[in-house]
Every structure is written in C-alpha cells, then in structure tokens.
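Scroll down for the structure; my scribbles are underneath it.
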Amino acid sequence: MTETVLQTQGLTKYYGSTLAVDHLDLKIPRGSICGFVGRNGAGKTTAIKLMLGLLRPTAGSSRLLGCDSAALTPAIRQRIGYVTEGHRLFRWMSINELQKFQRAFFPKQWDDKLFADMIEYFNLPRKRKIKHLSNGERAQVSLALTLAPNPELLIMDDPTLGLDAAIRRQFLEGMIELIMRQGRTVLFSSHILGDVERVSDRIVVIDKGVLRANCSLEEFRAAVKKVILSFADSPPAEVDIDGMLHCRRSENDLELILVGPADEQIAEWAKKNRAQKYQIVKMNLEDQFIEFTAPANHRRLFQWEDK
C-alpha cells in the first residue's frame, strides 16, 4: 500500500464572508511530483499555507508526514522544505553567510556537498550578497537552501514566477536532477502549465477553492478531449453525450469539450447523430486546463472569436 505523505480532510478557509478553500479532500502519495494548479485566486497559496500550519483553517484539517498541520513539531518541520513565491532571503547576507545561517537549523541533516554542487551547477558567486543577485539567481539560491537539508517533502509555491524562460528551464532542470531521490515527494504550484507538464507525474486542479481533479498527469491528459463534428445541415439541438463540459456551435459544426468518454463512445455518438465527419483534436496541457476550468456560461468577448 502506497504511503500518503500529505492529506487534507474537509479543509476549509473563509476570509470574512469570502470562501478561499472549500472542503478540500486531498491525498498525495510518497515519491510523487505533483503539479498543483489553478487560476489566479483559485486558493492554491491559501491551501499551501493551511497545509503548512501557517494559517488556521475555518474547518477541516490537514496532515503532513503523519502529523497534524496545526501542531507540526520541530522534528517534522525539519523534514519539510518550503520554497515561497518571491524567494524572500536576507538581502544583506552573502550566499556563504546564508549557508552558515541556514545550516545551524539542521545540524544533523545538512548536506554541504549537495549545497556546493547546486551552487556550482547554477554557477553562483558564493561571496556575493543577495541584494546584488538577479531574481533568477535568488531563486536558485532559495532552491539550494531548501534542498540542502534533504527534506522528505518539498512544497514549492510558484517558485519560477518572474523568471525568464532560460533561467526558468535551468531552475527546473536543477530541480528535476536533485529531487529525484528515493522517497522524496514534491508539491509544485505554478501558473506555467508547461513547467508542470515538464516535471510532474501527478496533477491537482483547484478551482475557486474546490478540488476538481487529483490524478496522474497521464490520466488527465487522456481524459480531457476536444472533438469537432461536421454535419450536412444544422447540428442537433440537444447534445447529450457523457462528460460534456462545453459545447460551441457554428453553422454546420459542433465543438465539444469532453471529460472521460472513450473514443469509441465519441464515434458511436457521431454516428447516431449523423455527423458527416469528426476529429479528436490534440490539445496541450495549458489548453486542457483552460477548458477544464472555464465557467460553463463562458461567452466570447470579441466578435472575431467567432470567426
């Protein structure tokens, strides 16, 4: 049986009358790299802070490494790495000084060689003060400081935000190379779906605080489909196919966004409704995510979108 490293049960957070996280039930198995995605304001950062015990929930609970998040012990916290959005570091310290400062909190588990290897991998100047580093370099230092204690669970909240494409790729490649050690588990939040696809084997989708998906990346990619059907006359007025998220019409065509149905079911529906032809259009993860989280009453804002 696979061990659960991170678990939430009915996790809920209100800010006044505003619901930020809505009865979140989530399990993350040991050894997975899980992409945690949602639109802006979906509740990702709030959920992460609740999991880490940095916020008190309105209702529900969460557990990390078997310990209630509301009462994480120092011993448990030493087994968790947390990379925050913005990479807040002491700007007056050099990389060497930060290393000594951080190492003091992890006297038994700090890996000097791992830290040195990462600094060398990123080609960072160890004597330079943080205030003189670029955003990308600060992100790389932050990753090195977080991984050097060899955490079992690594939680990363949009760590590549604001980095240019080249630095972002180097950061991710460094992350992949160094986190793929036996037993390490990663929850990785990002607005950039290409990054999630590059590093993750699982995906969690949260929308307006509600859990919409928690599955392998492969399952999600296979489940969300775009189908375009062409008809000799007008498309059928009623579309009753299983798993339909969105239906868009033109004079003789239907564009359907579906979740779940097998290709055989799509073929059967197309035949039953006398479609002249149909095609299942390949989508990238970003397109799938946008369609999966788009409101049901989404309307096109510009005339040229209908052309």
**Residues within the stretch 35-66 that are in contact with a helix residue (DSSP H, G or I) (Cβ under 9 Å, 6 or more places away or on another chain), closer than 23 Å to residue 197 by Cα and buried (at least 18 other Cβ atoms within 10 Å of the Cβ), tallied** = 5
**Message:** On the basis of being among the hydroxyl-bearing types (Ser, Thr, Tyr), buried (at least 17 other Cβ atoms within 10 Å of the Cβ) and assigned by TED's automatic domain parsing to the domain that holds residue 202, does residue 69 make the cut?
**Reply:** yes
**Message:** Taking the criterion of being charged (D, E, K, R), out of contact with any strand residue (DSSP E or B) (no Cβ under 8 Å at 6 or more places or on another chain) and within 27 Å of residue 208 (Cα to Cα), would at least one residue in the stretch 26-46 satisfy it?
**Reply:** no
**Message:** It is to be established whether one or more residues within the stretch 92-110 are within 18 Å of residue 36 (Cβ to Cβ) and basic (Lys, Arg).
**Reply:** no
**Residue match in the stretch 296-304 (condition: at pLDDT 90 or above and of a type outside the set (S, T, N, Q))** = no
**Request:** Residue by residue through the stretch 257-280, note down the ones that are in contact with a Lys or Arg (Cβ under 7 Å, 6 or more places away or on another chain) and within 23 Å of residue 207 (Cβ to Cβ).
**Result:** 257, 258
**Request:** Please indicate, with yes or no, whether at least one residue in the stretch 221-232 is more than 27 Å from the chain's Cα centre (by Cα) and either of a type in the set (D, E, K, R) or in the same structural domain as residue 197 (by TED's automatic domain parsing) (or both).
**Result:** no
**Complete:** Wholly inside the stretch 88-174, helices (runs of 4 or more DSSP H) that include 1 or more residues that are surrounded by 13 or more Cβ atoms within 10 Å (Cβ to Cβ) and more than 28 Å from the chain's Cα centre (by Cα) are 95-103, 112-121
**Asked** Looking at this structure, is residue 257 more than 27 Å from the chain's Cα centre (by Cα) and of a type in the set (A, V, I, L, M, F, W, C)?
**Response** no
**Asked** Is at least one residue of the stretch 249-266 at pLDDT 90 or above and among the basic types (Lys, Arg)?
**Response** no
**Asked** Of all residues in the stretch 229-256, which are aliphatic (A, V, I, L, M) and within 25 Å of residue 203 (Cβ to Cβ)?
**Response** 241, 244, 245, 256
**Request:** Run down 205, 141, 210, 196 and say which single residue is in contact with a Lys or Arg (Cβ under 7 Å, 6 or more places away or on another chain) and within 28 Å of residue 41 (Cα to Cα).
**Result:** 205
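The values are calculated or read from the model by the stated rules, or taken from the named source; none is laboratory data. These figures come from a predicted structure and were not determined experimentally. For neighbour counting, all protein chains shown are included, and Cβ atoms are generated from backbone atoms with ideal geometry for every residue, glycine included.
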